[in-house]
Structures are given as C-alpha cells and as structure tokens.
Amino acid sequence: MMSTWQRIQNILEKCLGEGIFKVWIKPLKAEIDGSKLTLTARNDFMASWVREKLFNAIREAAFEVLGEPPVIEIRVAKTKKHKVPFLSDLSEHDEREMALPILPKIEGKGIFRYSFQDFVVGPCNELAFLAARTFCQSCISSDQLFLCSSPGLGKTHLVQSMGLELLKKSNKSRVKVAYLTAEEFASQLVLAIKARQVEQFKARFREQIDILLIEDIHFFQNKEKLQDEFLCTIKSLTTQGKKVVFSSMFLPKELNGVDSQLVSRLCQGFMAVINKPDMSTILRIIDHKSKKMQVSIPKDVGEYIASRVQSDIRQLESCINNLVLKAKLLKERINLELARDVLKHYALEKETVIDLEYILKNVARIYDLPIEALLSKSRKKNYVWARNTAYYLARKYTDLSLEEIGRRFNRRHSTVLKGIAKVEQELNRQTPLGRQIEKTLERITSI
C-alpha cells in the first residue's frame, strides 16, 4: 500500500515536473507524525532551496493528502564528516582552509521551473518575450540582455525560460549555466575572500561558465567593491563571446550609487521593459493556468479575479492555485462565492483607481502620521519607512516615473529608488520588518 509520503510525492511530481522532482524532492527523507511533516535534506544548500522555492507546493500537496493544514519542518541531515567551520569560528590567524559554499546553480534543466511555452504574451510583455527568445536562438549579435519590471510581472519567468532554452539549444555537449541573484553573487565573493579563495571564485565565474543569468542587479547599488568585481566578470565573459542576462526592478539609468562604467556596460546589450498586463492578458493567463491544472474556471469567476489582481502575476497564480485546491478539498464547483472567500486573504486591487493621492492618504492613516510628515524633510525612522512604503506602492500601482514620484515628495529620484530597494530587500528576506511591511501593504491595498 502506498505510504502517505509517497502519495504526497506523486502529487508533487505531477505539479512540479519530473526534473525538479528528481533533483529536489526525491532525495528528501520524510517523517510524518499526525499533521506534522519533517523533511530531511542532504545539506544546507538543498534545505535552503526547498524552503525558498518549494515550500508552498509541498504544503499544498500535504494538505491534499492529510486533509488538514500541515506543520512542515525542513532540516539538514546530521553528519560528523568533513565539518566546515562557521566564519565566526575562524580567527584572523587561522590557517585552516575553508571550502567555498555550494557552487551557484550550474548545469541541469531541473533548476529552471519555467519555460517559454508557459509564458502568456500580451502587449505589456511582447517585446521582452521576443527579445528573450531571440537571444536564445543566437539570431542577434548582442551577447547581453537586460530585463526590467516591477515585482511579480515575469522577469524571473523569462530569465529561467532562457536558461532552460539555452541548455536545449546549445551545440555543446555540456554547457555550463550559472543562475543566481546579485545578492548570492555578493555572498559568494565575501565567503571567497574570507576563505582566501578569491582566485577560485574568479575562475569559476569568468572561465568555468558559458552563460551567466543574474537577477536583481539593483542589489549592487552603493557597493563599490562588489561593483568592481562584477564589472570585471562581465568584461571577461563578453570578451570571450559568452552570454550574460540581467534582471532588475530598475533601468540602468535609474540605479543610484553605481559606477558609470558598470552602468555603461549594463546598457551595452538589448534592454526590454515588462509593463503591467491589461485585462485581456490577465484573462488569458487565468485561462492558461486553469487548462494546465485541468480545471474549468467559469467566465464570471475569471473576470472577478482579473479585476482584483492586476499588478502581480505571481499573486494571481497563487490565487488560482488556492482556489483550485480549495474546490478539490471541499469537493465543490468553482464559483464566485468560493473565489471571494479565497481572495480575501490577498492584497487586492481597489475597484477604484489607486493613484498617488490614495497612496499618500492611506499610508499616512496606517502609519498614524499626517500627510505633511510624509512630505517633510524629517529623518525619523517611522517617517522614513512610511515614505519608503509610499514610494514602493507608487512604483507598483501607478505609471509615475521615479522623477515624478520624487517631485511629489520633494526628493531626488535616487532617494526614491533607494527607498524602494530597501522595501524590496526586506520583503524578499522575510525579515520581521519585511513581514510587518507586507502586512501594511496588504492593509493598504485591501481597503
């Protein structure tokens, strides 16, 4: 008879695909005690990746099998062999060698969750899609591509699609693709410096890879030494005719505290911006997602979801996943009542337009500040975070440029950019402050 974990695995294999399942799910050891699911990974890297990328999928699959919300713990297998000391355990005079952390995600189709076939094209993203696909076909002379958009509009989908396509199209027997964020690149460099393995780090990124896919370039702002190393890496790769793909929330010209040479280098290739989707594109995304899940979402339900979730495709897909899962668990048909019940847990679009005045009014209300305080020169901590929240919302929900937002707050566009990046960083890291900001954003956008 099939065990509980095997049943969960079967669901995960179907929804994640064979590649991801074999690389990340199959090696996990599982223990189930009631509604508690404990998963043991081989190493810290695998545990971290599963927590960050697959936690929600595991939770939904476990919920479907167990029939109740699971408590999930992901831990690392204990081993006494080849123990690597923590950085804090090494003194300045410690002569022991310390291994670098696991290599960045190199080689293998399993690391890429998305493909071009799953990307729904509309007026908002057509240029970016065509640029990404053409880039993989070697039909253009440029070896660089820069993708820019607000959070949740498809940058990562396109970058991962390119990674998958480049592996397929390559005429090499074993092409080496490095896919990571700018923050991960920085962490690798810092650890290499502390481990006295800088030359190995340089060789890895300049000689041992064929394609570099790097996300969230705006992380390099105001980090001079990191910028120097990254610039040298880009120069080395492009000189050898290798490919580099960047993604960011901001265009190169909008970046603050970035060396002019690096900005120039980022602008060297083709640049494409992904804008907010229109209603027809959102409806096609809903239709595509429902067909992939082999369910039928009624027209009125699709239109209701599309009217309430417009600025974040990642959130839109999550809404659909939860709607379908809830319908299956309750053995009910998908209808408007069920959709309303699911969507009440998300930060939704207002039926009225969210403009800058609306944002100012509600940020001031949530932070218990007068609007004048948001527009003042005061550097009090709560004033600064309230302003940063307003910057972030204005960037996400309006079509205002950084300069226009800054003009309304009597700030330079570089100050606005820095504030948005700080909010994004806290949200991505899920720090206590990030979770607090997330709840604040949900309250403001669900009023």
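Of the GluC sites (Glu not before Pro) in the stretch 287-336, the ones in a loop by DSSP (not H, G, I, E or B) with at most 13 other beta carbons within 10 Å are 332. Just how much of residue 300 is accessible, in Å², when a 1.4 Å probe is used and the result is rounded to the nearest 10? The accessible area comes out at roughly 80 Å². Only Cα sites of the stretch 284-387 enter the Debye sum here, all with the same form factor; the resulting log10 I(q)/I(0) across q = 0.24 1/Å is -1.22, listed in q order. Phi angles across the stretch 390-395 convert, under the Karplus curve 6.51 cos²θ - 1.76 cosθ + 1.60 with θ = phi - 60°, into 3J(HN,Hα) values of 5, 4, 4, 5, 5, 5 Hz, Gly and Pro given as x. Placing pseudo-labels 7 Å out from each Cα toward the beta carbon at residue 196 and residue 42 gives an inter-label distance of 3.0 nm.
Placing unit charges on the Cβ atoms of the charged side chains and taking the dipole of the chain about its Cα centre, the candidate lying farthest along the positive direction among 11, 335, 441 is 11. Using only Cα coordinates, the Kirkwood hydrodynamic radius of the chain works out to 23.9 Å. Contact order for the stretch 295-420, expressed relative to its length and based on alpha carbon pairs under 8 Å spaced 6+ residues apart, stands at 20 percent. A straight line joining the Cα centroids of the stretch 9-66 and the stretch 223-291 runs 31 Å. In this structure the amide hydrogen of residue 243, modeled in the peptide plane, comes within under 5 Å of the amide hydrogens of 212, none closer than 5 places in sequence on its chain. Near the amide H of residue 412, within less than 5 Å, lie no amide hydrogens of residues on another chain or at least 5 residues away, with H placed in the peptide plane.
The accessible-area ordering, largest first, of the residues 204, 7, 407 stands as 407, 7, 204, per a 1.4 angstrom probe. Solvent exposure of residue 18, expressed as accessible area, is near 110 Å², computed with a probe of 1.4 Å over the protein chains only.
Cross-link check: pairs 78/194; 253/396; 289/344; 299/331; 289/439; 78/292 evaluated at a Cα-Cα cut-off of 29 Å; pairs beyond the cut-off: 78/292. Positive-end ranking of 273, 241, 293 along the dipole of the stretch 236-293, with charges on Cβ about the Cα centre, is headed by 293.
Placing +1 on each Lys and Arg Cβ and -1 on each Asp and Glu Cβ, with no other charges, gives the chain a dipole about its Cα centre of roughly 540 debye. Residues in the stretch 297-303 carry Karplus couplings, in order, of 9, x, 4, 5, 5, x, 5 Hz; the curve used is 6.51 cos²θ - 1.76 cosθ + 1.60 with θ = phi - 60°, and Gly or Pro positions show x.
Computed in the context of the full set of protein chains, the accessible area of the chain at 1.4 Å probe radius has 49% of its extent on carbon or sulfur. Sequentially through the stretch 16-22, phi angles give Karplus couplings (6.51, -1.76, 1.60; θ = phi - 60°) of 9, x, 4, x, 5, 4, 5 Hz, Gly and Pro residues having no value and appearing as x. Rg over Rh of the stretch 209-365, using C-alpha atoms and the Kirkwood radius, what does it come to? Ratio of gyration radius to Kirkwood radius for the stretch 209-365: 1.12. Close amide H contacts of residue 71 (hydrogens built in the peptide plane, cut-off under 5 Å, sequence separation of 5 or more or a different chain): 36, 37. Taking all protein chains into account, the per residue accessible area for the chain stands at 52 Å² (1.4 Å probe). Bridges between two residues of the chain, per DSSP, are antiparallel at a rate of about 20%.
The values are calculated or read from the model by the stated rules, or taken from the named source; none is laboratory data. Treat the numbers as computed from the prediction; the structure is a model and nothing was measured. Counting neighbours? That spans all protein chains shown, and the Cβs are built from the backbone with ideal geometry, glycine included. These area figures cover heavy atoms from the full protein model, side chains too; ligands, DNA and RNA do not enter into them. Shrake-Rupley method; radii C 1.70, N 1.55, O 1.52, S 1.80 Å.
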